[in-house]
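Step one of this worksheet: look at the structure below.
Computed from the coordinates by the stated procedures, all read-outs in this text should not be read as laboratory data. In this text the structure is predicted, and so the values were computed from the model without any measurement. FYI the Cβ positions are ideal-geometry reconstructions off the backbone, even for glycines, and counts take in every protein chain you see.
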Amino acid sequence: MKDIKLLAVLALGAFGLAACDADTGADMQAATSMPSVQEQACLAGVSNEANNGEVSVLSSEFSEANTVVMIGVGPDAAPWRCLVSNDGVVAEVMFAGSEGFL
């Protein structure tokens, strides 16, 4: 009887996991992947410019010439824009939000 109850509990658990949203896999991969060379350079550049070590990548747009990386700073993730060459040399860092965030 215990074996049947155990089997039923395991089956319910498996069905519960199967009902999970399949899209979360991509989100987990993005959350756990290492930042690119360009993103690492921008994280350092923005952290230095904003004088705040709490930085995170919001988005990244690659092009043949340069990459634009949007960085969130502080607990409210105030937006900063970073222009970086594809070999990781930061060309420009600027605040991209309204002055109310500063």
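Give me the Kirkwood hydrodynamic radius of segment 33-87 in Å, from all C-alpha pairs, to one decimal place? Working shown, then result.
Working: mean 1/r = 0.0914 Å⁻¹.
Roughly 10.9 Å, rounded to one decimal.
Please list, by residue number, everything in segment 57-71 whose backbone N is under 19 Å from a paramagnetic label point 7 Å out along Cα→Cβ of Glu49.
Only 57-63, 65-71 fall inside the zone, counting backbone N under 19 Å.
How far apart, in nm, are two points set 7 Å out from the Cα along the Cα-to-Cβ line at Met94 and at Leu58?
1.5 nm
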